[in-house]
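Take a look at the structure set out below.
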Amino acid sequence: MLRIQPGEVKLQHWLTLLSGLVESLFFTGIAYGWASLVFVLKVDGYFAAYCTNATRDEDYAVYKDCSGQDEHFSQVMSVASIATTILRFPIGYVFDRCGTAVTRIVAISLYTAGTLLITLSNAETSVLLYPALSSLIIAGTMLYITNAQVGNLFPSYRSTTITIYNGAFESSAAVCLIIKLLYERGVSLHTSFLFLTLCNIIHCVRTIFLMPRRHIPYTLPETYNYGVSCTVQKRKRRQEENDTVQKFQEGDLEKTEKDEKATFRSCVFSWLFFCHLVWVVTIILSQFIFLANVNPMLTRLADDDQTVVSHYTNAFAITQLCGVLFSPISGLLMDRHKHRPLAPGESSREADLRSAPLALFLCFLLCFFFCVCFTCPVLPLQYVTFILQVTSSSFFYGLHQAFISIAFPASHFGKMSGMAMSLSALVLLLQFPLLHLIQNQLHGDPLYVNIGITVVSLLTFIHPVHVSLYCRELAKQRKNSQLTRQSLRSSDQEAVPSSSLRGNDEAGTSNHLQSGVCLT
């Protein structure tokens, strides 16, 4: 078999990283540019049948009331967001069980279905937007999950790589701004989405040549290869990939993730996961309430001046494009300890967890101030709201994936990540009564709902505090364990070789700390 030389392997790693960045930046999160897309869809008459003539009580003037249309556009986003969160656990299970190739094939199929549904839709078939947007968000999420493991190719910058991909995922929402600008210059919505459908060839090529069939392990074995070989011996290379991953899982993982199959339940029912779940649910609720209401909010604050609404919509989309610039900050905070030696008896996972509270606390601050700003009904302040939304969202999604990857066993990454998102869907069901409350009882004014969301956002402070206390407890246990074993070593020095005790000490301490991540 023609083996790839070390330099070529690194080149393949960089090609995988850069191609994944392009994929994330232009395709995975385009559905989150919904605010820009709604502006185009309104012009094309989608859900226009729900606009009615109404009379003002003050001067009896007749005006066009499109609150019903706005409510449908908000519900399209709400249904899509809830669908993707409910399916996150099944998606994670498919990824863990079936591997990268199968997950990406399903994602490409859904992406194609979503873009084709929008291409074939019109004002009379506005209802097609519901399955279309849901398919696009689910497909983008699946592609992002498969890309998150690329961080394993760069161990020293693992969390940074994950957060960069997340930033690109967030910034891809700006694709809808491009579609909006092209629409204003005569390019139809259907033409733009037909082009996106044809771009699926990029995902197919990357799946075949630059991604593994199964998973990219962590830590990366030196002989690990992936992608389709151009030689006639590609079957041998595929078998070698499977054998390498299997050997890694049965050998190295056994040292740090012993009895891993039995720990999934303990991970799910741990306080570490519960606090992370509260953090996830709170931030997602605030993000999706804002995204579902941003266009009606701008319309109300601008007194229905569509020129002003278009200006602010463009500003929001341009700000979303900058998500890829903000996201590496959280990753760098998580990786800041990578080049420092570990303390005696300290595991790499404990060191990773110890670096997490600062990034989690900054995410809490960003989320809280974001909620404060979008609660204030001041139009110019929404520029600040847009910036805080993008930065908090970039921090959140990147930290969610990075934290799951370091806090829990690698083979449960997809399931644990998906479990948190799927459980959050139960809370996201609150969107529908909240949206109904805003549109009917509150007459389109979301002030009181936003105040409630701001108060609830304070719950995100629990997570960094708990992780910090948890790391202190781990350090205390490690020191006590070392003192106890040193006492035993001193008393039994003549009976037991010191080298044997030292090996047992390190292994026992490491195994204790590793298993404690899920059991606590």
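The values are calculated or read from the model by the stated rules, or taken from the named source; none is laboratory data. Worth saying up front: this structure is predicted, and the values here are computed from it rather than measured. In this analysis, Cβ positions are derived from the backbone assuming ideal geometry, glycine residues included, and neighbour counts consider all displayed protein chains. Protein only, heavy atoms only, side chains kept; ligands, DNA and RNA dropped before computing areas. Shrake-Rupley method; radii C 1.70, N 1.55, O 1.52, S 1.80 Å.
Quick one: in the stretch 57-96, which of the residues that are outside any helix (DSSP H, G or I) and not hydrophobic (A, V, I, L, M, F, W, C) is nearest to Met419 (Cα to Cα)? Checked the stretch 57-96; the qualifying residue nearest to Met419 (Cα to Cα) is Asp65. Scan the stretch 332-364 for residues that are exposed (fewer than 15 other Cβ atoms within 10 Å of the Cβ) and farther than 16 Å from Thr163 by Cβ and the total you get is 6. Here the helices (runs of 4 or more DSSP H) wholly within the stretch 105-192 that include at least 3 residues being open to solvent by 50 Å² or more (accessible area, probe 1.4 Å) and either in contact with a Cys (Cβ under 7 Å, 6 or more places away or on another chain) or over 19 Å from Leu87 (Cβ atoms) (or both) are 175-184. Being open to solvent by less than 10 Å² (accessible area, probe 1.4 Å) and hydrophobic (A, V, I, L, M, F, W, C) is a description that does not apply to Ile387.
Pairing each residue of the stretch 194-222 that is under 17 Å from Gly140 (Cβ atoms) and at pLDDT 90 or above with any residue that is not in a helix (DSSP H, G or I) and not hydrophobic (A, V, I, L, M, F, W, C), provided the two are 6+ apart or on different chains, yields C-beta distances under 9 Å for Met211/Tyr226; Met211/Gly227. Is it the case that the stretch 80-98 has a residue that's crowded, with 18+ Cβ neighbours inside 10 Å, closer than 18 Å to Arg300 by Cβ and hydrophobic (A, V, I, L, M, F, W, C)? Looking through the stretch 80-98, none of the residues is crowded, with 18+ Cβ neighbours inside 10 Å, closer than 18 Å to Arg300 by Cβ and hydrophobic (A, V, I, L, M, F, W, C). Of the residues contained in the stretch 204-215, one or more are found to be surrounded by fewer than 18 Cβ atoms within 10 Å (Cβ to Cβ), farther than 24 Å from Arg97 by Cβ and out of contact with any Asp or Glu (no Cβ under 8 Å at 6 or more places or on another chain). For the stretch 199-210, does any single residue satisfy the condition of being among the polar types (S, T, N, Q), in a helix (DSSP H, G or I) and out of contact with any Lys or Arg (no Cβ under 9 Å at 6 or more places or on another chain)? Checked the stretch 199-210: at least one residue is among the polar types (S, T, N, Q), in a helix (DSSP H, G or I) and out of contact with any Lys or Arg (no Cβ under 9 Å at 6 or more places or on another chain). Restricting the stretch 16-32 to residues that are touching a Leu at 6+ places or on another chain (Cβ under 6 Å) and not β-branched (Val, Ile, Thr), the residue that is modelled with the highest pLDDT is Ser19. Within the stretch 441-458, residues that are closer than 15 Å to Val294 by Cβ sit with their Cβ atoms under 6 Å from residues that are assigned to a helix (DSSP H, G or I) and of a type in the set (Val, Ile, Thr), at 6+ positions apart or across chains, in these pairs: Pro446/Ile438; Val449/Ile438; Asn450/Thr375; Ile453/Ile289. Phe370 fulfils the conditions (1) surrounded by fewer than 20 Cβ atoms within 10 Å (Cβ to Cβ); (2) within 28 Å of Asp70 (Cα to Cα); (3) in contact with a Leu (Cβ under 6 Å, 6 or more places away or on another chain) except for a single criterion, (1).
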